[in-house]
């Protein structure tokens with residue numbers, strides 16, 4: 001439930017078009033619904049501007065299906081990250097509005113269109129192997145109402161591939177840079193633009209990359225000012241943070 005929905009409800013009570021009892025029925029499960037295995041936070045959009053987003057990994061198919069059923073029933077836009085095709089198939093049976101983003105591993109149910117800022121978010125990868133994490137970031141940002149520019153496979157081993165796209169990149173309000181191996185691309189981009197850069201280290205790389213730790217440490221110790229870092233493979237976190245920045249007035 002959003003602040004506008006609560007305001008509308010209170011105005012209806014004030015005008016007499018809805019009784020106090022009817023308003024209480026609407027608010028009965030506010031601010032959360034207790035499913036036993038999960039407590040769904042309907043108050044989150046009022047607090048943060050975004051509805052609760054479901055992390056599907058580690059949950060059963062039945063749990064994901066039930067969470068989506070309740071959230072979609074509240075007319076919320078629902079996003080589920082790190083989902084499986086099996087989870088999507090189960091959700092699709094309860095709502096035809098379910099959409100599956102295979103590369104991003106995201107399920108979405110859109111009940112209303114979010115406002116779209118005039119500015120864009122760039123999502124840049126060092127290599128093709130980083131695309132699954134990039135798609136999680138890009139799709140998250142798009143589902144939250146943002147325009148996204150994708151620039152994939154533009155790593156430091158062929159830096160001319162990045163330079164060619166700089167005019168397009170510099171038009172964006174915030175940039176997400178996704179890289180594994182040694183994670184150098186975030187520092188390079190950070191030194192070329194005047195907007196925030198969110199760096200995402202990935203677990204892509206050979207043994208000494210230590211599953212993304214090498215890229216994480218390189219990004220954390222970047223000499224480029226304006227580079228901030230999220231966790232390894234955390235495309236969702238980058239997409240969400242980029243959306244918040246892009247929506248700032």
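Let's see how each residue does on (1) touching a strand residue (DSSP E or B) at 6+ places or on another chain (Cβ under 6 Å); (2) at pLDDT 70 or above:
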{"residue": "13", "(1), (2)": "no, yes"}
{"residue": "19", "(1), (2)": "no, yes"}
{"residue": "30", "(1), (2)": "no, no"}
{"residue": "36", "(1), (2)": "no, yes"}
{"residue": "43", "(1), (2)": "no, no"}
{"residue": "47", "(1), (2)": "no, yes"}
{"residue": "52", "(1), (2)": "yes, yes"}
{"residue": "58", "(1), (2)": "no, yes"}
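Kindly evaluate residue 79 against the criterion of being buried (at least 17 other Cβ atoms within 10 Å of the Cβ), in contact with a strand residue (DSSP E or B) (Cβ under 6 Å, 6 or more places away or on another chain) and either at positive phi or at pLDDT below 75 (or both). Before you say what the answer is, go through the steps one by one.
Working: buried (at least 17 other Cβ atoms within 10 Å of the Cβ): yes; in contact with a strand residue (DSSP E or B) (Cβ under 6 Å, 6 or more places away or on another chain): yes; either at positive phi or at pLDDT below 75 (or both): no.
So residue 79 fails the test.
Having 1 or more residues that are in contact (Cβ under 8 Å) with a residue 40 or more places away in the chain is the bar; report the strands (runs of 3 or more DSSP E) wholly within segment 81-184 that clear it.
106-109, 120-125, 174-179
Counting just the residues of segment 221-249 that are within 13 Å of the chain's Cα centre (by Cα) and in a loop (DSSP other than H, G, I, E, B), which one comes out farthest from residue 173 (Cα to Cα)? Quick ask: steps written out before the conclusion?
Quick first cut of segment 221-249, residues within 13 Å of the chain's Cα centre (by Cα) only: 230, 233-246.
Now drop any that are not in a loop (DSSP other than H, G, I, E, B), which leaves 230, 233-234.
Details: 230: 18, 233: 22, 234: 20 Å.
Filtering first and then ranking leaves 233.
Only one of (1) buried (at least 21 other Cβ atoms within 10 Å of the Cβ); (2) at pLDDT 95 or above is not met by residue 149, so which one is it?
So residue 149 meets the others, but not (1).
The values are calculated or read from the model by the stated rules, or taken from the named source; none is laboratory data. Only a predicted model underlies this, so the values are computations on that prediction, with no experimental measurement involved. So basically every Cβ, Gly included, is an ideal-geometry build from the backbone, and we count neighbours across all protein chains shown.
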